[in-house]
Amino acid sequence: MPSRLHNLLLRTKKFAIQVLSEQQVHYSLHFSKHCEEDIDQFANIPHHIDSHGNVLLTDMVALLVCKAQAAHLVGDHYLWLGNVEMAWHCKNAEPLLYWRRTYRSLGDELFLKAFEELTLPYEYWDHEAHLRLAWNYIKEYGKEAATPLVKSGIQKFNEVNKDKVKRDYHETVTIFYIELICLAMNESKVAQLSFDDFLLSNKHLLDRNLLFEYYSPDMLSSQQARIRFVSPDKKPLPSSMS
């Protein structure tokens, strides 16, 4: 099925390729998310519209304005070809690289850098970002060393964003997901999965009802569960996690 962008290119016959910097990973995350037809993706993003009607983001590393020439169906996607009509090198900065479903230079280094430097926009600090954080630390340091890093990192990030946080740090929830991520990583038959490959193979981790298969709402809302890990009261954790 043709995408929203494909149909737009058919109508306008023009597009702009905009090179982000390493500091603009939040733009990449923003535009990679699914967007409904009636939603303006540029509404809260600094940009301007040039004399040809191209929407250009502010503060890019480089920019190429192109005229669309042809589209070829490759598998289940369309490959668009175009002629570069204008090109600019806008500023000296390291470009943001994304290859084989992960940000480069080293895996999720850019995501971790933004998180650890507290520059990751809070709107991207969602459930998947929590999983990404834990997966990266566990992969790098192992579960025992990663656990305190995940816990302190979440608490520090929440403290800086305390005016936006809707739910305080929860010890039981944090440890629960660390354990499930470790279990899934140990069961993986591929040693060097990217995070996106890992998530694709473990979609159950994205299910926000997963917790409630193990815990009752009363148990999770208790003060005891918030400040220290408590075992599930509905069904036991998988045996390899016990």
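The values are calculated or read from the model by the stated rules, or taken from the named source; none is laboratory data. Values in this document were obtained by computation on a predicted structure and should not be read as measured data. Note: ideal-geometry Cβ built from the backbone for every residue, glycine included; neighbour counts use all protein chains shown. All accessible areas refer to the heavy atoms of the entire protein, side chains included, with ligands and DNA or RNA removed. Shrake-Rupley method; radii C 1.70, N 1.55, O 1.52, S 1.80 Å.
Any residue at all in segment 65-81 that's of a type in the set (Ser, Thr, Tyr) and exposed (fewer than 13 other Cβ atoms within 10 Å of the Cβ)? No, every residue in segment 65-81 fails to be of a type in the set (Ser, Thr, Tyr) and exposed (fewer than 13 other Cβ atoms within 10 Å of the Cβ). Please tell me if Glu179 is assigned to a helix (DSSP H, G or I) and either touching a His at 6+ places or on another chain (Cβ under 6 Å) or open to solvent by 70 Å² or more (accessible area, probe 1.4 Å) (or both). The answer is no for Glu179. Selection of segment 207-242 for residues being open to solvent by less than 70 Å² (accessible area, probe 1.4 Å), hydrophobic (A, V, I, L, M, F, W, C) and within 30 Å of Leu29 (Cα to Cα) yields Leu210, Leu211.
Cβ separations smaller than 8 Å between residues 6+ apart or across chains give the following pairs from segment 137-152 residues that are open to solvent by 70 Å² or more (accessible area, probe 1.4 Å) to residues that are assigned to a helix (DSSP H, G or I): Lys139/Met185; Glu140/Ala146; Tyr141/Leu149. Would you check if Ser51 is of a type outside the set (A, V, I, L, M), within 25 Å of the chain's Cα centre (by Cα) and either in a helix (DSSP H, G or I) or modelled with pLDDT under 90 (or both)? No. Among residues of segment 156-171 that are among the acidic types (Asp, Glu), those with a Cβ under 8 angstrom from a residue that is modelled with pLDDT of 90 or more, sequence gap 6+ or separate chain, pair up as Asp168/Asn158; Asp168/Arg226; Glu171/Lys151; Glu171/Ala225; Glu171/Arg226; Glu171/Ile227; Glu171/Arg228; Glu171/Phe229. Considering only segment 105-136, state which residues are at pLDDT 90 or above and either of a type in the set (Gly, Ala, Ser) or touching a strand residue (DSSP E or B) at 6+ places or on another chain (Cβ under 7 Å) (or both). Scanning segment 105-136 gives Ala129, Ala134.
One line per residue, one yes/no per condition, for (1) more than 25 Å from the chain's Cα centre (by Cα); (2) modelled with pLDDT under 85; (3) open to solvent by 60 Å² or more (accessible area, probe 1.4 Å):
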| position | (1), (2), (3) |
| --- | --- |
| Met1 | no, yes, yes |
| Leu9 | yes, no, no |
| Gln18 | no, no, no |
| Tyr27 | no, no, no |
| Asn44 | no, no, yes |
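Kindly indicate whether Ala87 is open to solvent by 40 Å² or more (accessible area, probe 1.4 Å) and over 20 Å from Ser28 (Cα atoms). So Ala87 passes the test. Of the residues in segment 92-113, at least one is farther than 30 Å from Thr12 by Cα, open to solvent by 30 Å² or more (accessible area, probe 1.4 Å), in a strand (DSSP E or B) and out of contact with any Asp or Glu (no Cβ under 9 Å at 6 or more places or on another chain).
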